[in-house]
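K.L.:
Sharing a structure below in C-alpha cells format, with a few things to ask.
The values are calculated or read from the model by the stated rules, or taken from the named source; none is laboratory data. These numbers come from a predicted model, not from an experiment. Cβ sites come from the backbone with ideal geometry, for glycine too, and all protein chains shown count toward neighbours.
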C-alpha cells in the first residue's frame, strides 16, 4: 500500500471539509478550495480526518492514491497557513516594481514586462530585487513562480536573471576557461 496514501489527513480546528458529487471542498480561515476527485479513488471523512483508499492494486491507482492524499493535505495547509515563494533578481539594472496588484519587471528587454496575477495569487516586491508570490493554492503559487522565472532564467555564464531564493546556479567558464590543446604554435 502507498506509504503516503495510507496516512490520514488531519483536519485542524476552523477547517471544514465536504465531499459531494466527486468534488472535495475545503474551507478555512484563508479561503476555500475545491477539486474534482478521480472516480477510482475513494475519499471519506472519519472522526475529523480525511481517509483516502483505492479499489485495486493497479499501478495507476497506486499512483493516484498517494497523489490524491498529498493534494488534499496541500489544500488543508493552504486554507490554514497559505503558501509563499520568494524569487530574487540578479543583474545590473534588473528590478521589479509593484503597480496596484500587478508587477512590472525590468530584466534587460527593450520593454518592461507586465505581470497580472491570477485570482487567488498575490504578487509583492518588498525590495527592487525580490519578488514574493503568495496564495492558498500550492499549484497556482508554484506555477506563477515558474512562469516569472521563465521570463529571464539565470544565465550560466554571468549569473544574471530571476531565480528562486537560495537557488544555486551552476556557473560555466567562458572562452577564457578553455584549455590549450597541443601546446601552442606549430
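K.L.:
Looking only at segment 158-165, decide whether some residue is touching a helix residue (DSSP H, G or I) at 6+ places or on another chain (Cβ under 6 Å) and farther than 30 Å from residue 3 by Cβ.
P.N.:
yes
K.L.:
Next up: So residue 133 clears everything in (1) closer than 30 Å to residue 73 by Cβ; (2) touching a residue at least 24 places away in the same chain (Cβ under 8 Å); (3) part of a loop (DSSP other than H, G, I, E, B) except one condition, right? Which one?
P.N.:
Unmet condition: (3).
K.L.:
May I ask you to list the residues in segment 59-84 that are closer than 17 Å to residue 16 by Cβ, part of a helix (DSSP H, G or I) and out of contact with any strand residue (DSSP E or B) (no Cβ under 7 Å at 6 or more places or on another chain)?
P.N.:
Within segment 59-84, 74, 77 meet the criteria.
K.L.:
To continue, here is another question. Has segment 31-51 got at least one residue that is part of a strand (DSSP E or B) and without any contact (Cβ under 8 Å) to a residue 12 or more places away in the chain?
P.N.:
Looking through segment 31-51, at least one residue is part of a strand (DSSP E or B) and without any contact (Cβ under 8 Å) to a residue 12 or more places away in the chain.
K.L.:
Separate question: Looking at (1) at negative phi; (2) surrounded by 18 or more Cβ atoms within 10 Å (Cβ to Cβ), which is the only condition residue 91 fails?
P.N.:
Status for residue 91: all satisfied but (1).
K.L.:
Report whether or not residue 28 is surrounded by 18 or more Cβ atoms within 10 Å (Cβ to Cβ) and modelled with pLDDT under 90.
P.N.:
no
K.L.:
Give just the number: which of (1) touching a helix residue (DSSP H, G or I) at 6+ places or on another chain (Cβ under 8 Å); (2) under 24 Å from residue 29 (Cβ atoms); (3) part of a strand (DSSP E or B) does residue 126 not satisfy?
P.N.:
So the condition that residue 126 fails would be (1).
K.L.:
Could I ask something else about it? Collect the residues in segment 142-161 that are under 30 Å from residue 119 (Cβ atoms), touching a residue at least 12 places away in the same chain (Cβ under 8 Å) and part of a loop (DSSP other than H, G, I, E, B), keeping them in residue-number order.
P.N.:
Correct list: 152, 154.
K.L.:
What about residue 118, is it more than 18 Å from residue 164 (Cβ to Cβ), within 19 Å of the chain's Cα centre (by Cα) and free of Cβ contacts under 8 Å to residues at least 60 places away in the same chain?
P.N.:
Against the criterion (more than 18 Å from residue 164 (Cβ to Cβ), within 19 Å of the chain's Cα centre (by Cα) and free of Cβ contacts under 8 Å to residues at least 60 places away in the same chain), residue 118 qualifies.
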